[in-house]
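Report on the structure given below.
Only the coordinates and a few stated rules stand behind these numbers; no lab work does. The model shown is predicted, which means the values in this text are computed figures rather than measured ones. Methodologically, a virtual Cβ is constructed for each residue, glycine included, from the backbone with ideal geometry; neighbour enumeration extends over all protein chains shown.
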Amino acid sequence: MIRQDIIDQLRVPPGKRIRLKDYDTGWAQTDELKELGKDTIKERAKVGLEKNLEHLAKAQDMLYADDRYGILIVLQAMDAAGKDGTIKHVMSGINPQGCQVFSFKKPSAEELDHNFLWRYARCVPERGRIGIFNRSYYEEVLVVKVHPEILEAQRLPPGKRGKSFWEARYEDINAFERHLTRNGLVILKFFLNISKKEQKRRFLDRLDRPEKNWKFSAADIQERGYWHQYMEAFEDALNATSTKQAPWYIVPADNKWVTRAVVADIVTTTLQGLDLRYPEVSEAQKKALAEARKKLEAE
């Protein structure tokens, strides 16, 4: 397990304004980790991930049986930060019947006829299940904020689209998440914090390797040109919407093994902290089980 003080460093404190430039995107988050060295930390991360996957599988089984809570994992990041790989590796050991992954594309005409949260609310996991949003309603205050022309297609009532408009959207998101958590949904939000330098390296890797060419899009380069605007949008969103009930974690993403270890640890630890338990069997049920045993043994 990752030490709690390190996890606390990654959690965005509610009500306190953070700057992304203050968060290291690499593996050396503390002086102690630097002294241990990359190879040692990488091996520990690998062992920790394996153990967490074992614990996560057991916790998921209890989550389903307990049937009081659902888990929503929100992943947001710049392109090539490793969202897909994180989902693949962290969720590799769980029962696929108890997990749903949603990736939201361009909204349909029906979706545009509703409020901006509607299409996401329909995909919220039910009790006993884990839901993953690979990008989410936060796109509405990220890519839409960087490209405000998108608002023209959202059929909104007339009005100014300045600071108060975005603050209202943050308020709507906080109210939405507050409603969900009051009704048993546990929300974990991860911003995979990749550096511009590492993104460039991964883009070049996609171009150099034929089996990865399909992952590359000219739009990736276009959006990279808005890096500064995206960093400002992420900072604003993280500061406005990291709450006690639905915190944001800024996860270092320059090393994929760090990202996966951190996300797995937080998800597993959160599940284990829910006091999950299997349903108790009543006396009447115990009697029925005993009768069933007698019949089976008598065959």
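Near residue 272: Cβ cut-off under 13 Å, other residues only, Lys/Arg at +1 and Asp/Glu at -1. The net charge is -2. Straight-line reach from residue 106: taking Cα to Cα under 21 Å and skipping same-chain neighbours fewer than 8 places apart, the lysines in range are 83, 145, 215. Selection among 18, 101, 253 by position relative to the dipole of the chain gives 253 as farthest towards the positive end (Cβ unit charges, Cα centre). The 3J(HN,Hα) values that the Karplus relation (6.51, -1.76, 1.60; θ = phi - 60°) gives for the stretch 22-35 are, in residue order, 7, 10, 6, 8, x, 8, 8, 7, 9, 4, 4, 5, 4, 5 Hz. Gly and Pro appear as x.
When the chain is described by a simple charge dipole with +1 on each Lys and Arg Cβ and -1 on each Asp and Glu Cβ, the residue from 273, 56, 207 located farthest towards its positive end is 207. Across q = 0.08, 0.13 Å⁻¹, the chain modelled as identical point scatterers on its alpha-carbon atoms has Debye log10 I(q)/I(0) values of -0.40, -0.98, in the order of the q list.
Placing +1 on the Cβ of every Lys and Arg and -1 on the Cβ of every Asp and Glu, with no other charges, gives the stretch 93-247 a dipole of roughly 400 debye about its Cα centre. Cross-link partners for residue 88 among the aspartates and glutamates, with Cα-Cα distance under 14 Å and sequence neighbours closer than 8 places in the same chain left out: 50.
Between residue 47 and residue 151, the modelled labels are 5.3 nm apart [label points 7 Å from Cα along Cα→Cβ]. Put a plus charge on the Cβ of each Lys and Arg, a minus charge on the Cβ of each Asp and Glu, and nothing anywhere else: the dipole of the stretch 215-281 about its Cα centre is then about 220 debye.
Using the Cβ atoms and a cut-off under 12 Å, what net charge is assigned to the surroundings of residue 5, where Lys and Arg are +1 and Asp and Glu are -1? Here the charged neighbours net out to 0. For residue 287, the lysines whose Cα falls under 16 Å of its own Cα, not counting residues fewer than eight places away in the same chain, are 295. One decimal place: the segment residue 106-residue 8 gains 31.8 nm when fully extended, by the rule 0.36 nm per residue minus the C-alpha distance. How many angstrom lie between the Cα centre of the stretch 248-263 and the Cα centre of the stretch 190-232? If you average the Cα positions of each part, the centres end up 17 Å apart. Extending 7 Å from the Cα toward the beta-carbon at both residue 289 and residue 195 defines two label points whose distance is 5.6 nm.
Using the Cβ of residue 110 as centre and a radius below 15 Å, the other residues enclosed give a net charge of +3, where K and R count +1 and D and E count -1.
Put in order of Cβ neighbour count within 10 Å, fewest first, the listed residues 138, 249, 226 become 226, 249, 138. In this structure the amide hydrogen of residue 100, modeled in the peptide plane, comes within under 5 Å of the amide hydrogens of 130, 131, 132, none closer than 5 places in sequence on its chain.
For the chain, a simple Cβ point-charge model (Lys and Arg +1, Asp and Glu -1, everything else neutral) yields a dipole of about 240 debye relative to the Cα centre.
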